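Accompanying notes for the structure given below.
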Amino acid sequence: MVVLSQPLVTFDSHLVNPKYKPSPVLIPVIDLTDPYAKTLIVKACEEFGFFKVVNHGVRTDLLTQLEQEATKFFALPQSLKDKSGPPDPFGYGSKRIGPNGDVGCVEYILLNANPLLPSHNTTAIFRQTPANFREAVEEYIEEMKGMASKILEMVAEELKIEPKEKLSKLVKVKESDSCLRMNHYPGKEQEIGFGEHTDPQLISVLRSNETDSLQICLKDGSWVTVPPDHSSFFVNVGDTLQVMTNGRFKSVKHRVLTDTKRSRLSTIYFAGPPLTEKIAPLSCLAPNQEDWLYKEFTWSLYKSSAYKTKLGDYRLGLFERQLPFSLSNV
């Protein structure tokens, strides 16, 4: 049985227009214990590139502890927070989102999720905080790695990708280039907290506090606000998975607007492949290379290219293949 969430709310302007009468849109809610979960996940990835996960198995007390410790960190004096940065690229940062002038009403901690890499130096980043914050983050990263891997295995099984670990192993291997980002948006007048963009990785797993701020873009170009649920997780398709499914899954464009009543705290795990991994449409989904919509590239090349662009740019455009003909010419 398909389970649908509460209605999202659509808006017809760049920011919220209070005079506009919203229309309801429903997104899938996936129970990970449901025997039909893999089918529903694939359908959600095709139709929205976005879905909500319940019965995920992550301990409630871990989620509570992480949120409490992160709230304490962002409440520290600016001088102390600055000692945990600057993000180069990992550490504490504020307002500046990327290297090309993108800014937002946001402060954040960005961490490499691979404990074997020097850039995973959480001791330095969390030196202004209690040890239990760092410990909670480390445990949370492991939980997110497990959830992302499980979802990718369900996708592989439903799409009959062999072996079924083909996608999940990209996250599980020690060379995986995944990262964790904790964003804090102060409560103030409504403005852009994090501008519209797609995530370049395979999938992203997000959790936030109870604040209406996240919006996703539907296929028709309309923006909808996602009702918050701090007990659940939201998953969205990234550019890399769009390429590997040859466009069957769509990387969802999303953004965050600041809330007028309270601050927003969100934690996002970006499941990324190893830097040397070659990314291309999977042969089981696109057997003939002439049907590939994208050129083959390494994750390192795409990551480098993506972070050189503006946040809202269409990053995959440089990697699209020029097919010999299109349907419009037939």
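The values are calculated or read from the model by the stated rules, or taken from the named source; none is laboratory data. These numbers come from a predicted model, not from an experiment. Using ideal geometry, Cβ is built from the backbone for each residue, glycine included, and neighbour counts are taken over all protein chains shown. Calculation scope for accessible area: heavy atoms of the full protein, side chains included, ligands and nucleic acids excluded. Shrake-Rupley method; radii C 1.70, N 1.55, O 1.52, S 1.80 Å.
Observations on the model:
- Checklist (1) polar (S, T, N, Q); (2) open to solvent by 80 Å² or more (accessible area, probe 1.4 Å); (3) more than 29 Å from Asn114 (Cα to Cα) applied to Thr276, failing item: (3)
- Strands (runs of 3 or more DSSP E) completely within the stretch 212-271 that count 1 or more residues being within 28 Å of Trp299 (Cβ to Cβ): 214-217, 233-237, 254-257, 264-271
- From Phe51, Phe90, residue being open to solvent by 10 Å² or more (accessible area, probe 1.4 Å), farther than 17 Å from Glu135 by Cβ and touching a helix residue (DSSP H, G or I) at 6+ places or on another chain (Cβ under 6 Å): Phe90
- Matching option when the condition is surrounded by 16 or more Cβ atoms within 10 Å (Cβ to Cβ) and closer than 20 Å to Lys95 by Cβ, among Val243, Val252, Val256: Val256
- Top-ranked residue in the stretch 178-211 [being of a type in the set (S, T, N, Q) and not in a strand (DSSP E or B); ranked as surrounded by the fewest Cβ atoms within 10 Å (Cβ to Cβ)]: Gln190
- Test: residue in the stretch 137-160 that is part of a loop (DSSP other than H, G, I, E, B) and either in contact with a Gly (Cβ under 9 Å, 6 or more places away or on another chain) or on the phi > 0 side of the Ramachandran plot (or both): yes
- Residue within the stretch 286-309 that is open to solvent by less than 10 Å² (accessible area, probe 1.4 Å), in contact with a Leu (Cβ under 6 Å, 6 or more places away or on another chain), in a loop (DSSP other than H, G, I, E, B) and not β-branched (Val, Ile, Thr) present: no
- Looking only at the stretch 161-172, residues that are assigned to a helix (DSSP H, G or I), under 17 Å from Ala280 (Cβ atoms) and open to solvent by 70 Å² or more (accessible area, probe 1.4 Å) come to 1 in all.
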